1. So for the range B:246-314, what are the equivalent ellipsoid semi-axes in whole Å, largest first, each being the square root of 5 times an eigenvalue of the Cα gyration tensor?
2. Could you tell me whether the range B:1-122 comes out rounded, prolate or oblate from its Cα gyration tensor? Rule is a ≥ b ≥ c as square roots of the eigenvalues, rounded for a/c under 1.5, then prolate if a/b exceeds b/c, otherwise oblate.
3. Is there a simple number for the mean count of other chain Cβ atoms within 10 Å of the Cβ of residues in A:7-17, and what is it?
4. From the Cα trace of the range A:174-243, what convex hull volume per residue do you get, rounded to a whole Å³?
5. Rounded to whole Hz and in sequence order, give me ³J(HN,Hα) for the range A:31-47 from the Karplus expression 6.51 cos²θ - 1.76 cosθ + 1.60, θ = phi - 60°, writing x for Gly and Pro.
6. Taking each residue in A:48-59, count the Cβ atoms of any other chain within 10 Å of its Cβ, then average. What number comes out?
7. How large is Rg over Rh for the range B:69-297, taking Rg from the Cα atoms and Rh as the Kirkwood inverse mean of 1/r across Cα pairs?
8. Near the amide H of residue A:214, under 5 Å away, which other amide H atoms are found, from residues 5 or more places off or on another chain, if H is placed in the peptide plane?
Number of protein chains: 2
Amino acid sequence: MISREMLLLGKEPSVIRQIFEYSRKRKDEIGADKVFDFSLGNPSIPAPKAVNETITRLVSSLPSTYLHGYTSAQGDMGVRTKIAHNIENRFNCECKAENIYMTCGAAASLTITLKAMVSGNEDEIIILAPYFPEYKVFIANAGAKAVEVKCKADTFSLDIAAIEKAINKNTKGIIINSPNNPSGVVFSKEELEELAGLLEAKQNEYGTEIYIISDEPYRELVYGDKTPTFIPKLYNNTVVCYSYSKSLSLPGERIGYIFVSPLLKDSEDFFAAVCGAGRSLGFVCAPSLLQRVVAECDGTASDIGEYDKNRRLLYNSLTAMGYEAASPDGAFYLFVKSLEADAAAFCERAKKYELLLVPSDSFGVEGYVRIAYCVSYEQTENSLPAFKALYQEYKGEK
Amino acid sequence: MISREMLLLGKEPSVIRQIFEYSRKRKDEIGADKVFDFSLGNPSIPAPKAVNETITRLVSSLPSTYLHGYTSAQGDMGVRTKIAHNIENRFNCECKAENIYMTCGAAASLTITLKAMVSGNEDEIIILAPYFPEYKVFIANAGAKAVEVKCKADTFSLDIAAIEKAINKNTKGIIINSPNNPSGVVFSKEELEELAGLLEAKQNEYGTEIYIISDEPYRELVYGDKTPTFIPKLYNNTVVCYSYSKSLSLPGERIGYIFVSPLLKDSEDFFAAVCGAGRSLGFVCAPSLLQRVVAECDGTASDIGEYDKNRRLLYNSLTAMGYEAASPDGAFYLFVKSLEADAAAFCERAKKYELLLVPSDSFGVEGYVRIAYCVSYEQTENSLPAFKALYQEYKGEK
C-alpha cells in the first residue's frame, strides 16, 4: 500500500487543469483567437531583457564548476547580500544576508517556512478566504491544521473581528497574500496595522508567538496610486515568502527567497529551522545559475503596463455592463460576482460564449469567478462582446 | 515554539561543512596549493560544452514566456519523451514519457518517492551502510523508520543474509546506491539478482510490495570494464531516482528525474502518488530552462577521464604504500581503511600533513575515510608524499 493521501492529491482533478484541457480542445476546434481563456495565472509578459542577457553573459564568463556548482544551502552569499541590500534600501528596514534563504520559488518558500514553524499537529495556521488553494496542501504537509477565515463580503478586505475569533492558544501563524490571488485586492496599511495590533495583543494574552507568513509573489504587481505595505515594518514576527515568478516572469524557473525578519523573536533559531526544513524536504540549494540572475535583476521588473491596460479595460467595461467586481489594485486577477449563486454553473454558461473563467469555490468563497488578465490586449478587447452577451442572457435583455 | 526537530537539523554541525571551513582558513594561511582537500563531492570537471551552448541557444531562440513559463508538474512532455526514449534505447527496457517525473535533483527525487510510498509511521526503509547520511533525514521527512543494514566488511558488497534478517512485514523499501557514495563500490549484477530474488520471495511471504529505490546520481561514473546494472530490468517494483548533478556536472542547478517502472505494481497509481508528493512538498515543476537543457544533453556526459586518472593514481599509490581500500569502480570516491580504529582521530592526524579526509562514521560505518578525488590531477599527485608520511607515522617507519 502506497500513501493514499498522496495518491488522492496526485489524482485530484484540478479545476484549472480541466479548464486548460478544455481550452486546448476548443482552440483546436474553432481557432485559438475565438477562445477567451482567462483561466491561467501564467505571466504573459516576457521576462525583462536583462534576464536573458544576464544568463548569456554568466554562462560565457563564469567557470562552469562555479556557476553550475552547489551553493551553500542558504544560497550564494553574494546573491543574498545583494538582495538583502535592496530590501534595506527599498523598504528602509533592517535586512542582512544572514536573514535571506534562497528557495525554489514561492511554493518552496511556504512549505519550508511552515515546516520550520510547526511544532505539533495541534498547531493551527489561519488562511483568509479567498485564498490560493495550495495553502491547504502545504499546511497539511507541515502537519498543522488550516483554519479558514473569510474576508469581508464584496470588498474582500480583512475582517479583523473574524480573525480575532479564530485565534486561540494553538494559532501558530496566519498567511497574508497581498496583492491577493484570486481577488486582486491589495490590503491597506491601516488594515494591516490593525491586524498587527490584534496579533500583538493575542501573543501577549496567550504567551505565544503568532507569525505572519507574508506570501508576496505579486508584490511588484500593484497599479495606480496603491503601494504595497511591507509587513516586516509593521509586525516583528514576520516571515516574507517571495518569488520572482511574476515580477520577472520566470514561473517555470522556480526561484525566490525567504526573508526571516531580524526582529522576529529568536530570529537566528528560526532561520536555522528554515535551513533544517529545506534540508528535510529535499531542497539542497536554489538553482545556482538563476540565483545569480535574479540577484543581478532584483529591482528591475517586467513591464506591467500591459497588465494594467487589460485591467482597466476589463474593469471599466465589465462594471459598465453591470458586473460587480472587487477593487482590482494588484496581481493580474479580476474577481467578479457570478450572475447566479452557483459560480460553477455560471462558468459553464460562460463557455457558450467561449469565455473560460475559474469559479471561486476552490478559493474558499462562493459566487465569484476569477478572471486572469495576464493575456494579450487583443484577447481582452475581443472578449468584451462575449461578456456583454453573457450578461444579457442572465438579465433577459436578449 | 518552532519545530525543535528542524531547528536541530538546521544547527547540526555537518562534518563536511566543518572540514570545508577549516580548508578555507588553512588555504588562506599557507596557500591553496599546499592544502590537499579531498572532502567535497563537488564535480571538478566542467559541464560538457553542449550544456552552455544549449542554454545560450535556447534563451536566444525560444519565446521567454514559453522557455521560462510553468511546465506541467510532471515536466515538459517533450523533455520526458526524449528521456524515456533514451532509457528504452540504452537499457532495452520499457519506458514511456508517462513514467518520467522531472525533479529538482536527486534529493528531491528521493523525498518525493519516499513520501509517495510511505503510508504509515510503522513503515520501514532499509538503508545499507555505508550510506549517504541524508537518507535518514529524507526517510524521517516521509514519516518512516530507517533500518540500517551493514554491507560486507572490506568489500562493501551486499550482505544478502543481513538484508534478509532485516525484512519484515513493515518493510516498504530499500535504497540501493550503486555506484556508491561513499565507498565507490559498484554492486555486481549477480548481487543485485540475488537481492531481487530475496525481495520477490519476501513480497510473496508477506503479501506486501517492497520497493527498490535506486538512487543513481553516479550511474554514468563507472570505470574500467565495469558496467552499471539497470535495476528495473531485474526487479519490477523499482523506482529510479536520477540526477544530472554528476553526469553533466550541474549539482547547483537541481535537475533530475524519477522513473517509475511501468512493471511496478499499480504503476499508474504510484506515479499519481509521486505527483501528489511533489505537489505537497512544494515542488511546482523542475526548473524549466534546465529541463530542456538536460533533455538535449541526455546521453552526453562530462569527460570522466580526469576522475579516472586521479582514481588510478590514488588507488595504485596508496595500496602500494600499504593502505587498504574498497574496490574503486565508480563515483569519485575512494574508501580507505583508517590506520587506527577511530577514523575521526585518524583524520585529525592527517591534517598535520594538510590532508583533509572525511571520517566514515557519518556514513554508518567505522574505521574508514572517504577520499573525494573530484579534484585536479596536480592536487592528487602532490598529495602522495603526504599520504606516505602519514602512513609512516602510524607504522613507526619514520
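1. Equivalent-ellipsoid dimensions as semi-axes: 31, 16, 12 Å.
2. Details: a/c = 2.07, a/b = 1.34, b/c = 1.54.
Judged from the Cα gyration tensor, the range B:1-122 comes out oblate (a/c at least 1.5, b/c at or above a/b).
3. For peptide A:7-17, the averaged partner shielding equals 5.
4. On the way: hull volume 5.6 nm³, N = 70.
Normalising the Cα hull of the range A:174-243 by residue number yields 80 Å³.
5. Per residue, the Karplus-derived 3J(HN,Hα) values read x, 4, 6, 8, 9, 9, 8, 10, 8, 9, x, 9, x, 9, 8, x, 4 Hz.
6. On the way: counts 1, 1, 0, 3, 9, 1, 1, 7, 5, 0, 2, 8.
That works out to 3 on average.
7. We get a ratio of 0.94 for the range B:69-297.
8. Placed amide hydrogens put A:176, A:239, A:240, A:241 under 5 Å from residue A:214.
Just so you know, all these numbers are worked out from the coordinates, no wet-lab data involved. Being a predicted model, the structure only gives us computed values, none of them experimental. All Cβ positions, glycine included, derive from the backbone under ideal geometry; neighbour counts span all protein chains shown.
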